[in-house]
Structures are given as C-alpha cells and as structure tokens.
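Asks: Below is one structure. I have some questions about it.
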Amino acid sequence: MPHLAIDGLNASYKNLKVLHDICLDVERSEVVSLIGPSGSGKSTLLRTLVGVNKPTSGKVTLAQRTLDYSSASSLKQARDSMAIVFQQYNLFQNMTVIGNVTIAPLKIKKWQRAEVEEHAHSLLQKVGLGHKLKAYPDELSGGQQQRVAIARALALKPQLLLLDEITSALDPELVGEVLDIIRGLARDGMTMLIVSHEMGFVREVSSRVVMMDQGRIVEIGTPQQIFDAPKETRTRDFTARVLSH
Amino acid sequence: MIETILSEIPRFFTWPNLVFLGEAAGRTLMLSVVGCLIGFTLGFVLACIRQTRNPWLAPLRVAAIAYTEIFRRIPFLVILFLVLFAIQVVAPNASLFAIALVSVTIVSTAFLSEIVRAGFDSVPRQQVEAAEVMNFSRWQIIHMIVAPQAWKVILPPGFAFMVMFIKDTALASQVGVVELTFTGKILSNRGFSATLTFGTILLAYFILSYPLTRLGRYLEIRLASPRH
Ligand SMILES: Nc1ncnc2c1ncn2[C@@H]1O[C@H](COP(=O)(O)OP(=O)(O)O)[C@@H](O)[C@H]1O
Ligand SMILES: [Mg+2]
C-alpha cells in the first residue's frame, strides 16, 4: 500500500474548478515532484491534501486511513503526521524564529521542552540560522524566512512532508544549501511531495515526476522519462522551456 | 453678563456643589468605562464566535453577526428606553444607573465586537492556515497568534469609541441618571447661570476624556511593535 493515495481528487475556488480528477500514489520514502506551468494547480493540490482547501470530491488515503475532510477528528489525525512548507512561508509574525519552530511541538504535540529545544536548535543550525534564534520574521529576508519555515515543518517530525517552491524566494547562493537539506531528508527516507522549478534538482532527487497542466495530471514518470523521453507534447514543451533557462 | 457670571463663581464652586459635580463626573466615567470594559469582553467573545468554523456552531455565528449588525444601528436613546421598560419586567427595583449601564453595555458590545473582528481580520490568513495545519485549536489560534497581532489594530479605535461614548452617556440624563449633563440641568434650575454651569460641565467632560485619549495614544505607541 502506498503511504499516500490520491484517487479522483477534485477541488475548486468558489466557482473555478482548479483540480480535475487527480490520481497519484506516493510510496513510503518516495520523493515525488510536481512540475508544470504557473497556475496549473500544484499549490492547490498540496493545500487540498492538508485540508486548507476542501476537496469537492475524491478519496485521499494516508497511511492506510481514508481521510474525511469534513470530519475534524479525521483531519486532525492526518495533520498530525504531515507537515507543509507553504509557498509564502506563513511564519507567525509575533514569534521569534525559535518560537515559530518550537510552538507546535511544545503546545500541540506536548513534547518535552528540553528535547524540542535541542531539536529546534540543531534544525536551525542545519538551515544556517543558528545565529538568528531570537530574530522576528520581519527582521529576516525572504530566504531566511523560508528556511525557518522548513525548520518549523521538520520540527514536527512528519511522516509526509509537502514542500511548495521552497527555493523560489532564495538567493542563488542559498538554493544549493536548502536543496542539500532536502537531499539529506530524501536519503534519510522522508516521504516527500515537492513542487519545484529547480529541474536539475527535481531530476536528481525524485523517484517520480508528475507533470501538471490546467489542473490535470498530464504525465507521470521517472525523471528520465519525463525529461529525456516525454510522451506528451505539453511535457516536452514545458521541460524544454524551463531547461533552456 | 461677564460680571454676573464672575459674581456667581464663589456661590457656584462651593464644596457641596463640587462634590455633587464630582459624583456626577464619576457616574459619567463609570458608565462609559465600565460599560465599555464589559462590552469589550462580550464583544471579544462575539468576535471569537465569529472565528469558529464548525458547522454545528453556525446558528451561534449567525446570532453573533445579527447582534452586531442590529445593535450598531439602533440609537442609544432608543436602547435606553427599551432597557428602561424591559427591565421593569425582570428587575423592577433596578436603579437608573444600572439601567444606563446595561444600555451602554448592549451598544458597546456591538461596536467593540466589530472593532475586534476587524482586528482579527487584519492578521494575514496564511498564518491561520499554517496554524490550522499544525492542529492548533481555534482558541489556540486566537490567543497565541491572532490576538497578539491584532491588539495594535483593536486598541486605537476601541479607545476612541470609549472616549466618544463618554459624550453619548449624556443621553442617560433623559431617563434620569444623575450624570454630568443632568447635574448641569439641576444646577441651572437652582438659579445658576446656564453659561457658567454648562461651561463647567463642558470642562468636566474634557477633563474626563483627555487623559483617556492620551492613555490610548500611549498604548498605541507601546503596541506599535508586535513583540513586547
Ligand atoms: N485563493 C484563490 N482563489 C481563487 N483562485 C485561486 C486561488 N489560488 C489559486 N487560484 C487559482 O487556481 C489555479 C491554480 O493555482 P495554483 O494552485 O496556485 O497553481 P500553481 O501553484 O501551479 O502555480 C490558478 O488558476 C489560480 O489563479
Ligand atoms: Mg504555486
């Protein structure tokens, strides 16, 4: 059984139908990347999986449990084992860096303070922000906030990690560092669903790549299939366009 | 004119009159401050109810919205009379002051709940989403994330409302509460010049509201940074 199974998922914003019949399985320890033009529904798919947008229909199964997005307890249980890094980081502006990273483990998971703090320190060290523990989000650059958001997600020790364009706000010299962190996670067997425009990285780290366009999955394949021998013209056009940059 | 007023001053500012005025000023201040503090607490609760998402709480949300929308649109004087007559059914011995206080609370709850709601709404939605995904409860989101950032948006208009209400409590004189304006009427009925009497009343209103305005300004500056 896959860790995450998405079957016929549909979602909309008001009257705009944004996701059409999405079917996708993610095995445990697999890294699946979503690629596709802007507006193709990649963010919406991640946001729907965590229940920030409610799906209009479809079935999502996480760790053998079918999720009921209209049930608070089912949603709570699913959210307990996943974490998402949003495209706009969404840090709590009234909390310091360390506060952002430790609040959920302390107050929601109710883990031991000493361990939580030690873990948070090591995570922030790893993302290169060990010297910014007491800073507030508005004192940080976009790239720094992005890395805090990554640490905040990892502090939850998720079974499934969703990452939405986590390198888009980073300075070029930082992209490598952050991607190194993700590589490390992949090596450690973290199950991940990643939205990224870093095609080189996608190719290297993904077990499978999903090409999306206009709210539909166009093609799913190994990185070699998608980048070297795409079946669909839309995939070919997109990868050619992105890789030419 | 000026001479008559000047000659009245020693007779006017006697100790009993000053005590009378002082008590009235106290009542005016109490009506507004206590009424707004209770109103703020209840308004905060209404705003929190409006933040809930649970389908089962929908009737409560509708009630909270209806309350806010209705009671912001009824003139204070009408509320005063409504309470005056309604309260005779429940508590026939209620004092006029209590009636006025209940009326202030009814109105301030509606206005302050709207001010609190606007403050809550000023906090970017994405932070709430992030917290939801981390399994924060609705109440945890409000008290750990939204409220700490909303204070600086809530306090200035909240204070302004309370200070403004100091003036509106003058309407309580219409049902016979001996607050500042009513005291002015009594004193001028006793034969003191209306100019002197109401000039003094005017000054008293200023003395009551100015420090509150300053306090509001001070808090606003203190809260301008989200951290401390
Ligand atoms: N909050 C929203 N309200 C309405 N429409 C939205 C919202 N967010 C995204 N959309 C629309 O949904 C579609 C998919 O957007 P999105 O999932 O953000 O795409 P991607 O992440 O692939 O760029 C787009 O057409 C976008 O305009
Ligand atoms: Mg996106």
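The values are calculated or read from the model by the stated rules, or taken from the named source; none is laboratory data. The structure displayed is predicted, hence computed values, not measured ones. Note that each Cβ is placed from the backbone with ideal geometry, even for glycine, and that neighbours are counted across all protein chains shown. Heavy atoms of the whole protein, side chains included, go into the accessibility calculation; ligands, DNA and RNA do not. Shrake-Rupley method; radii C 1.70, N 1.55, O 1.52, S 1.80 Å.
Asks: Restricting segment B:140-170 to residues that are closer than 24 Å to A:GLN77 by Cβ and within 8 Å of another protein chain (Cβ to nearest Cβ), which is surrounded by the fewest Cβ atoms within 10 Å (Cβ to Cβ)?
Replies: Top of the filtered list is B:GLN140.
Asks: Within the group B:SER173, B:SER137, which residue is hydroxyl-bearing (Ser, Thr, Tyr) and within 13 Å of another protein chain (Cβ to nearest Cβ)?
Replies: Criteria check complete, one pass: B:SER137.
Asks: Which pairs turn up if I take residues in segment B:109-133 that are touching a residue at least 24 places away in the same chain (Cβ under 8 Å) and facing another protein chain (nearest Cβ under 9 Å) and look for partners that are part of a helix (DSSP H, G or I) and open to solvent by 10 Å² or more (accessible area, probe 1.4 Å) with beta carbon separation below 8 Å, at least 6 apart in sequence or on another chain?
Replies: Note: pairs meeting the criteria are B:VAL123/B:GLN149.
Asks: Evaluate the following for B:ALA118: is it small (Gly, Ala, Ser), assigned to a helix (DSSP H, G or I) and open to solvent by less than 60 Å² (accessible area, probe 1.4 Å)?
Replies: Judged against the criteria, B:ALA118 is a match.
Asks: Of all residues being near ligand 1 (Cβ under 10 Å from one of its atoms) and part of a loop (DSSP other than H, G, I, E, B) in segment A:14-45, which is nearest to A:GLY221 (Cα to Cα)? Just the residue, please.
Replies: Across segment A:14-45, the extreme among qualifying residues is A:GLY36.
Asks: Okay, moving on. What residue, among those in segment A:77-127 that are closer than 26 Å to A:LEU62 by Cα and among the aromatic types (Phe, Trp, Tyr), is nearest to the other protein chains (Cβ to nearest Cβ)?
Replies: A:PHE86
Asks: Might you let me know whether segment A:138-157 holds any residue that is assigned to a strand (DSSP E or B) and more than 16 Å from ligand 1 (Cβ to nearest atom)? Quick ask: steps written out before the conclusion?
Replies: To start, the set of residues in segment A:138-157 that are assigned to a strand (DSSP E or B) comprises none.
No, segment A:138-157 contains no residue that is assigned to a strand (DSSP E or B) and more than 16 Å from ligand 1 (Cβ to nearest atom).
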